[in-house]
Structure formats: structure tokens, C-alpha cells
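K.L.:
Just dropping this structure here.
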Amino acid sequence: MGHYSKGSEKPPLKGDRLRLYSMRFCPFAQRARLVLAAKGINYECVNINLKDKPDWFFDLNPVGKVPVIEQPDGAVIYESPICCDYLEEAFPDKPQLYPADNPVKKSKQKIIVETIGSAFNTAFYKTLRALGEEEPKEELKKQLSAFDNYLKQNDKHLGGDKPGMGDFLMWPWFERLLVMQPLIGLDLSQFPAVSAWCAAMNEVPAVKECSYPAELHMKFYEGYKNGDPESQLVGIDQKA
């Protein structure tokens, strides 16, 4: 079904599966979906209309943001990095996305996400809100250059030879950047290490499972600009 809105009733939990409260095109919620997919965790997804949130959702997260994870026993976790760390720690028998025996490498992944990643995310949305203006675009290019330099001096992924937690926490905004390049007037080939990382990430099974085609991203973006993103997606079959 679509996203749960104001006036809806909270669906009952189903058996012993985790539940993820998400929104299909929210990059923060996509972080949790990527980690769930990468670790192979069985879960149920409930999508929330963030423009018209149901009252019961605030009982789960008082600030009304996704992602939210609800355990079968009713315990609730929210905030995207915390949700992802919870999944890593709560399922040690599943593939580990942080190097368990190397706290330095684990910390470096977190540093890149919190520094370059956070600055890039902010610059990306500022650029979209001010298309045609050079200042936000230059800041976006500055953050891309910083990430490019980091990747040139390190491994193929933030996690080493294969994607780790840091890669999955960074990816949602780059998926959107790849779609929005022509709109922004940006050529990602100017940043060869970032381009290579994006190409490698696009081949990761968890990324393929959790990504949307460019046309759906654009439909959502057009609806978002007009204040009604859901209207653009009525009748379109979408993954959770």
C-alpha cells in the first residue's frame, strides 16, 4: 500500500520480524534499508507520509522522523546512524559492516560520514534549492573534491575491498546526485575516484535492491517542489 497518513490506524506487528518505519524516497530511511539488505535481515516495512503524518507515529518517535525501528517486543530505536549501529550490534551473526577487530578503521568510516558526508548532504540540498546559483554549487564541488581526494588515497570502498557501513551511510545522497547531475549542471567525471566509487556501489546487491530508477526520483522531486510528492507516484508500482 502507499504511505500511512493522518487518520490511519497503526498496523499490528507481524510475528517476530523487525519493523522499519520508512518513506520510500527519504535518504535517511534508505540508510537503514541498505543495512538491512546488506546484512540479510528479514523485516517488515511500513511507509509514513512525512507531509501528513499519522498521530500514532509520534508515539514511536516524538520528532516524527524516519527511520524508526520497532522490535517485536515493542522496543523502539530511531535516528538513522543509531538505527544502523543497532542493526550491526543486534545481529552479530549476520555479515558485519564494521571491521570488528580494527577500531581505527571503524572510527575512520564514522569520521568520513560525519565530516565530508554531512557537509556534502547539506551542500547537495542547498544546490537543489538554488538551481543556477554558483555559491552552493561551488560548495558542492568542494565537498566532492574532498571525498575524491580521500578515495584516491585509500581503498576502493570506505569499508576496504568491499562496502562497509560508511559506504551505505553515504550512498543515498550520491544515488540522488547521479540522477540530478544534468539539473544541477554538474559533470561527476571531474571527480574520477568518486565516479569509480559510484560505479562500484551501483553493482552492490544491497544497493540494487534498495535503489529506484531515475524517473521515479525525478517524479518525486517534481512533486516535492510542488508540495505534494505522493501525487506524482500514484499508480506506480514501487519497492518497499
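K.L.:
For segment 1-39, how many residues are outside any helix (DSSP H, G or I) and over 16 Å from GLU209 (Cβ atoms)?
P.N.:
In the first step, residues of segment 1-39 are kept if they are outside any helix (DSSP H, G or I); the result is 1-26.
With the extra rule that they be over 16 Å from GLU209 (Cβ atoms), the set shrinks to 1-19, 21, 23, 26.
Selection size over segment 1-39: 22.
K.L.:
Can LYS65 be described as charged (D, E, K, R) and either open to solvent by less than 20 Å² (accessible area, probe 1.4 Å) or modelled with pLDDT under 95 (or both)?
P.N.:
On the way: charged (D, E, K, R): yes; either open to solvent by less than 20 Å² (accessible area, probe 1.4 Å) or modelled with pLDDT under 95 (or both): no.
So LYS65 fails the test.
K.L.:
Here's something else I'd like to know. I'd like to verify a number: residues in segment 167-176 that are over 20 Å from PRO192 (Cβ atoms) and surrounded by 24 or more Cβ atoms within 10 Å (Cβ to Cβ), how many?
P.N.:
2
K.L.:
Among the listed residues ASN49, ASN42, identify the single one that is over 13 Å from LYS10 (Cβ atoms) and in contact with a His (Cβ under 6 Å, 6 or more places away or on another chain).
P.N.:
Just one listed residue meets the conditions, ASN49.
K.L.:
Hey, could you check segment 23-58 for residues that are polar (S, T, N, Q) and surrounded by fewer than 22 Cβ atoms within 10 Å (Cβ to Cβ) and say which is nearest to the chain's Cα centre (by Cα)?
P.N.:
Applying the first criterion (polar (S, T, N, Q)) to segment 23-58 yields 30, 42, 47, 49.
When the remaining residues are screened for being surrounded by fewer than 22 Cβ atoms within 10 Å (Cβ to Cβ), the result is 42, 47, 49.
On the way: ASN42: 18, ASN47: 14, ASN49: 17 Å.
Step by step, filter segment 23-58, then rank; the result is ASN47.
K.L.:
Let me ask another. Just a yes or no: is a residue in segment 129-139 within 29 Å of CYS83 (Cβ to Cβ), among the aliphatic types (A, V, I, L, M) and open to solvent by less than 70 Å² (accessible area, probe 1.4 Å)?
P.N.:
no
K.L.:
Also: Does MET218 fit the bill of being open to solvent by less than 20 Å² (accessible area, probe 1.4 Å) and either more than 21 Å from LEU36 (Cα to Cα) or out of contact with any Lys or Arg (no Cβ under 9 Å at 6 or more places or on another chain) (or both)? Lay out the reasoning, then the answer.
P.N.:
Working: open to solvent by less than 20 Å² (accessible area, probe 1.4 Å): no; either more than 21 Å from LEU36 (Cα to Cα) or out of contact with any Lys or Arg (no Cβ under 9 Å at 6 or more places or on another chain) (or both): yes.
Here the answer is no, as MET218 does not meet what is asked.
K.L.:
Something else: Within segment 119-127, is there a residue that is touching a residue at least 60 places away in the same chain (Cβ under 8 Å), open to solvent by less than 70 Å² (accessible area, probe 1.4 Å) and assigned to a helix (DSSP H, G or I)?
P.N.:
Looking through segment 119-127, at least one residue is touching a residue at least 60 places away in the same chain (Cβ under 8 Å), open to solvent by less than 70 Å² (accessible area, probe 1.4 Å) and assigned to a helix (DSSP H, G or I).
The values are calculated or read from the model by the stated rules, or taken from the named source; none is laboratory data. None of the values given here were measured: they were computed from a predicted structure. Note: ideal-geometry Cβ built from the backbone for every residue, glycine included; neighbour counts use all protein chains shown. Ligands, DNA and RNA are excluded from the accessible area calculation, which covers all protein heavy atoms including side chains. Shrake-Rupley method; radii C 1.70, N 1.55, O 1.52, S 1.80 Å.
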